[in-house]
Each structure stands twice: as C-alpha cells, then as structure tokens.
Amino acid sequence: MTTREKIAQLVGVWVGAAGDGGEVAPHQHELEEPVDLEALLPHGLGQLTRPFGTAPVDPALGALSLARSQRRIAAANRFGIPALAHEECLAGFAAWGATAYPVPLSWGATFDPELVGRMAAAIGRDLRSVGIHQGLAPVLDVVRDARWGRVEETIGEDPYLVGTIATAYVRGLESAGIVATLKHFAGYSASRAGRNLAPVAMGPRERADVVLPPFEMAVREGRPRSVMHAYTDTDGVPSAADPDLLTGLLRERWGFTGTVVADYFGIAFLKLLHGVAADWTEAAVTALASGVDVELPTVKTFGQPLLDGLLDGRIDEALVDRALRRVLVQKAQLGLLDPDWSPLPGALAGLAVLDGEEGEQADPRGRIDLDGPANRALAERIAEAAVVLVRNDGTLPLGRPRRIAVVGPNADTAQALLGCYSFPVHVGSRHPDLPPGIELPTLLQRVREEFPEADVVTAPGTGVDTTDTSGLAGAVAAARWADVAVLALGDRAGLFGRGTSGEGCDAESLELPGVQGQLLDALLDTGTPVVLVLLAGRPYALGRAVGEAAAIVQAFFPGEEGARAVAGLLSGRVNPSGRLPISIPARPGGQPAGYLAPRLAQAGTVSSSDPTPAYGFGHGLGYTEFTWSEPEVTRDRTDTGGEFELLLTVANTGQRAGHEVVQLYLHDPVASVVQPVQRLIGYHRVGLEPGERVRLRITVPADLASFTGRAGRRIVEPGGLELRLAASSTDVRHTVPLRLSGPVREVDHTRRLHPAFLAV
C-alpha cells in the first residue's frame, strides 16, 4: 500500500444516510472542513461515522444507503476494502425507530449482568442487521461527582458494579459480531467540579484503584475490540497524548490487541484545548505515537497533516504501519476483506435493491423493524428490574384508589423517559415535527391504563427548569382532590446546556432543577399522600420528601417502557427489585461526595459539612420480606494468596415472589495507605418464591483485598479485615472478621477479580 492508502484506513468520515436510499452524504460540523469524497475514496476509507445516527431515516432506506455507499467505497480503491461503520448504542441503537432502552445508570440499578448482556446482544443484532460493525459503548467511567452531566451515561459510583455490568454489555455486543468500544479511557468522570471536559486532578492511586479497574475487567473478561480515549487531561497529560496509558498499560500490561479510536475531535483538541501541540501535524504525530489508531469522527489531523509529518521526518512510518495492521486485522475479523463480501446487510439479503431496480422490491421502506415485540419486552423487563423503591411508608402498592392526581413537569412528557443519547433526544430534538419513530407512552397514560377504574387528573405545576410558579396552584388543587398524588419530577435530557442532564449539562448543585422543590413542598403541605417519582439522569437532594413523602420511586431515564414499569410498581403488579447504583444526597451541596470514601471524607465534628447520604449506594426496597441467617464461617483465616469461605442462607419470608441482592463489602481497618471505609467486592441477585430459601457458599479470594501500595504496585497485605454482608452500603446485616497472614504479596492483572456464590 502507498503511504496515502495506509493513512486513509486510519480516518473516518462523518456521514448521514440518504432518506431516499441513495448514497450517504458527508455531514458538516464547525470543527470540520468539507470532505471531498471523490478525492478521498480512491485511496480508501477507514470508517463511516454514524450513518443512521446523524439524521432521521427509515431503517431499511438507511441500510440501503449504507450498502450503496459501501459498494462505492470498495470499488473506488484498488484493494476493494470497504469502510467499517460505527454507531452510538448507549441506550439502544441510536437510530430512528430503534428501541430506546433504559440508560446505563439504570443498568447499574438492576445489579443483573445477565439481563444487561441479553439487552446488549439484542442491540448488537439490530446494529449488525443493517450493516453496522462497531458500537460506541459501554461507558466505564465511575461517577466521582454527581453534578457531572454525563452521570446518566455511567453505570454508577462503584468500580466493581461498573466493571461487572459493563463487561456483560461488552460480551453481549461482541456475541452479535459488533465491535464493542470501551469509553472513556481514562478518568473523564473525575473532572474538577463535575464540569464536562474539565481537567482531572486525581493522583495515581485513585486512578489505579477506582478509575481503571472497570476497564481492566472488561478488557480481560469481555474481550472488546476497541477502546476510545478520554477527552480530559490527568495531571496535565491528555489521554490522547499518553503512551503510558494507551500503549504501556492497555496493550503491554493488559494485553489489549484491538484498535484505539479517538473520541470525536479529541486529536484536534490536543492543539485547540490542551495546548500540547503547535499545529495539526504535531497533534497527529503525538496521538499516533501514543497509541491512537483511528481518528474520529472525520478526517482532520490524520490526513494531510499526518502525511506532512511523515514527509518531514517527524514520525516513523512504522507507527502508521502499526495502526494500519490493527485496523486491517479488525476488518478481516468482520469479514470485510473476504472475497465473497457483499455490501448488502442481512436485513436486505435477497432483495433486488442495490442497483435500484424498478418494481415492488426496489423500495425496502418499512421492511426493517428495530423495535419489535421482543425488543420492547426486553426493554420493559430491564426497566422493571431497574426502578428503585427508595422509601415507602406502606402507601405502596396503591391498591384501588378512586382518585389519583398525576402531577409534575414529567407526568405527561414522553421524553422524560429518555436519556441524552437516545435517538429522539440526541437527534430527534432537531427535527421537532418528525414523530419519534417508537411508541412513548407517558407516565400519565400508563397510570390511567394501570388503574382503569380510577379518576385520574393531571397538572404540570411547573416546567423542569423554569422559574414559573403560576401553575403550582393547579397542581395543589389536583392533589387536594385526590386520594393520592403521584408527583413526577426530575430532568430533561439534552446536549450542551439544552437540558438538565446529558453531555455538557452539568449542575452547580444537586438541588432539583427550576422550582421543582417548591412544587414538592407545596404538595407535601396538602396532607394528601405524595408518591414522588424521579425520572432523572442523576440523583438529587429531595429535601422534606425524605421524611414526609409517602413513597419515593427513583427511575433513571427508564426508556420507552419505563412508564409502564413505574405504573406497575405503583399498582403492585411489579415487585420492585432495583438498587441505587449511586447514593441520593441528603443536601444539594457538599459535592463531590459518594459512598466510596475514606474516614476523613465521612461526617465528623471537625467540619460543619455533612456528606452522609439520605439513601446510600445499593439501597432499595420491595414488597416482600427476606431474612438472612447468621453466616457460618468455614474459613476465616488464610494467607495472602488464599481464600475465605462462609455459608449464608437467604429466605423469602414474605407473601410474594421477589429478588434480594446480597452485597459484599470489604473494610480494611489498618493498611499502609488510606483506604475507603468500605468498598463493594461482590454481589449476587437472588430470586425466591414465597417461603423459598437458598443456601449460598460464598468464597472470597484474598486477591479482592488488594490495593495500590506506596510503591505504586498492587499488593495484598497481611492483617485483619472485615467482610460485611449487606443489603446496601448503609444496611449491613452481618459482619465477619477475617485475617490474612504471610508476606506482602504483589498481584497484577491476572489476579482473581470476583467472589464465588454457589447455591448448595
């Protein structure tokens, strides 16, 4: 291959599928120069960026448009190499008419990796069916400050929960033949003040023990084929310019063999935002040498600027060859280099459409359903597992109330169910006259369906983020009339300040947006039982509701079937089993805070600021009762290379089937470096019928006590430990003292990562 042909495989072009099934057209952005496909394609093309996720298009016509473009791309270069097409899939395939699943924070709330893996496989099959090869998910950022706008895209505030759920998602996506992309590597969520794309000031130990473990687990156990670098710099070093991170750690230590792709415009940001490159060539040279293989979303620095760097000797062509080899290996794995490769995806196979023949088969419009009954059922199942019953004074389930007021700004708003990266929000918001392409019943509609014999009235009260209080009186009147008031508050997802949650929608405090807090207080003053429902992308301080609401239901953007799941919880048709993947604060200030904190970060007499949450990580209630036996400890002492063992019986002593989540926390009272008071090291979701019990043998490897020591290496130290068997981080059922003996033991990425739960 010529040098230009090599470089052409290392770039993408941002395109949009044609609404009439014609070839894709380049998409323009303020950071792009116009792309001349006629000049570019004879040399080849590495990737096509978001052909479905740029503008609304019928899925079948989008697939046809992509197929025709792929045929053109392959025909234009002398090796016949097509492009790899990628899409967003953070809350489902980001395409018009595709299922809008719950956001990742809801995945975390399920504490159910198997269910999340099933969802990912379904998303992957939909992507593959229309010709997409790579999905830009999952997000493995651990929440460090809930004010950050992209909290909804994360799985939670605990590295172990994030790692296990994300790994399941990776496995599901890859099982469908889709290249999963881990992001954002690494530290993006730890930005100062929770601001998007702000600098990160964490030390190497926090990075090693909090930020990196989910990526390490996913690389090792999920086998993803791509990683996306983060935008941020950590202690002055941008991720895209960090060879120790992208090559030394990721590849040489962890053994990752796939491609590292740029977050959109991230290489250009080395010049524009970070100031570590003087020009586009230096940005390209720095990123390529550090380990970035593919520039996304479009050709900017890896085009002529990179070629200039080769010509003037600023970079060795061997580094281009290194990246090229990774790209071509991936294309070979996807079948794009096979002699019998066809541009037609599976969904269009057998249709005479590629050449635009006349007749019935020439127009495939409507032939592809990306939101079929199986998808919707799965979306509903995940939403049901994710909704968290946070508080209940016995009001729920509601039974058969005669009069229900469903009030609040999110009561009758379909988009209140959707996150920032769902298609109707991410793209559809720019096309307000176009229907969303999927059914999106609101909470009000679903409550009316769930309680057909009740009189149901509604009033918004106020907007999500407005200061208008003129509607409060109407909401108060509706609540006074009703037997129960369902108050729907929370967020509106959006991009870059156009919402209260989402990318670039960072919060200055965790106070409910707008005057929603006033609406909440006004309804509590009515004396009518208030069931507070949060449809949101982050947790908020809930003020008086913590002690006065009849019930609190937390739903993190639960997707297209989320309203049905919430309504089912209200009626009792659904027995809630979700657990908080992130703490709910008691006060709107005091951030950053979180359960994963050392003693000095806890409440004390030396500070007037109290970070104690209203509801802690892992908390969640249900409609049945579980009892836990006293654990039988069969091995409470071992050396630093051994394991502990105990037996625990969990019984459903209530009147209906339900799920309990057994959570294991480790407390290390004395260590050579400061440790969090407790940290999650394992969990097990147990489903039991009334009267049923299960006896669990729990094995805990000493490796799970490892941490990064003073010398920067991960170690297991001898000494006393405490294993906490808990229903949440604030509800410890049993405490088991343990002891490690022997020498300090150094471990690496081959260490054991999980406890074992075995029903005996």
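Solvent-accessible area per residue for region 1-118 at a 1.4 Å probe radius, Å²?
Each residue of region 1-118 exposes 28 Å² on average to a 1.4 Å probe.
Considering the options 187, 138, 759, tell which one lies farthest towards the positive end of the dipole of the chain, charges being +1 on Lys and Arg and -1 on Asp and Glu at the Cβ, about the Cα centre.
Farthest along the dipole direction, towards plus: 759.
Treating cross-link reach as a plain straight distance, find the lysines whose alpha-carbon is under 20 Å from the alpha-carbon of residue 6, omitting any fewer than eight places away in the same chain.
Residue 6 reaches 300, 331.
At R0 = 60 Å, how high is the FRET efficiency between residue 673 and residue 4 if r is their beta carbon distance? Nearest 0.05 is fine. List each step's numbers first, then the result.
On the way: r = 51 Å, r/R0 = 0.85.
The formula returns an efficiency of 0.70 here.
Report P(r) for the chain: all Cα-Cα distances, bin width 10 Å, range 0 to the bin holding the largest distance, values in whole percent.
The distribution over the chain is 3, 14, 24, 25, 19, 11, 4, 0, given as percents.
Contour minus end-to-end for residue 734 and residue 31, with contour as 0.36 nm per residue of separation and end-to-end as the Cα-Cα distance?
Net length gain for the segment: 247.5 nm.
Report the calculated FRET efficiency for residue 439 and residue 544 (r = Cβ-Cβ distance, R0 = 35 Å), to the nearest 0.05.
0.45
Heads up, I need the accessible area for residue 110: 1.4 angstrom probe, whole protein in place, Å², nearest 10.
My reading of the accessible area for residue 110 is about 0 Å².
Subtracting the Cα-Cα distance from 0.36 nm times the residue separation, let me have the gained length for residue 749 to residue 430 in nm, one decimal.
On the way: separation 319, 0.36 × 319 = 114.84 nm, distance 4.47 nm.
Full extension from residue 749 to residue 430 adds 110.4 nm.
Report the local net charge at residue 639: Lys and Arg +1, Asp and Glu -1, summed over other residues whose C-beta lies under 11 Å from its C-beta. Can you show the working numbers first?
Values: positive: 637, 739, 745; negative: 643.
Its environment carries a net charge of +2.
Please find the FRET efficiency linking residue 602 to residue 308, where r is the Cβ-Cβ separation and R0 is fixed at 60 Å, and quote it to the nearest 0.05.
0.65
Please compute the Kirkwood hydrodynamic radius over region 504-593, one decimal place, Å, based on all pairs of different Cα atoms. Working shown, then result.
Details: mean 1/r = 0.0699 Å⁻¹.
It works out to 14.3 Å.
Give me the Å³ per residue figure for the convex hull around the C-alpha atoms of region 413-486.
Working: hull volume 8.8 nm³, N = 74.
Once divided by residue count, the hull of region 413-486 is 119 Å³.
Which value results when the Cα radius of gyration for region 360-505 is divided by 2.2 N^0.38 Å?
1.23
Projected area of region 445-583, taken from the Cα convex hull and averaged over every viewing direction, in nm²?
Its Cα hull, projected and averaged over all orientations, spans 8.5 nm².
Work from the charge dipole of region 29-169 (Cβ charges, +1 for Lys and Arg, -1 for Asp and Glu, about the Cα centre) and give the residue of 109, 80, 154 farthest towards its positive end.
Projecting each Cα onto the dipole axis, the largest value belongs to 80.
Tell me the Rg and the Dmax, in Å, that the Cα atoms of region 618-760 produce.
That works out to 16.1, 54 Å for Rg and Dmax.
Could you order the peptides 307-319, 539-551, 671-683 from most to least packed, using the average number of other C-beta atoms within 10 Å per residue?
On the way: 307-319: 14.8, 539-551: 20.8, 671-683: 18.5.
Packing proxy ranking, top to bottom: 539-551, 671-683, 307-319.
Where the accessible area of the chain is counted over protein heavy atoms with a 1.4 Å probe, how much of it, in %, is carbon and sulfur? If you can, show how the numbers build up before the last one.
Numbers: 13080 of 26630 Å².
About 49 percent, which is the carbon plus sulfur part of the accessible surface.
The values are calculated or read from the model by the stated rules, or taken from the named source; none is laboratory data. Nothing here was measured: the structure is a model prediction, and the numbers come from that model. Cβ atoms come from the backbone with ideal geometry, glycine included; neighbour counts cover every protein chain shown. Accessible surface is based on the protein model in full, side chains and every heavy atom, while ligands, DNA and RNA are left aside. Shrake-Rupley method; radii C 1.70, N 1.55, O 1.52, S 1.80 Å.
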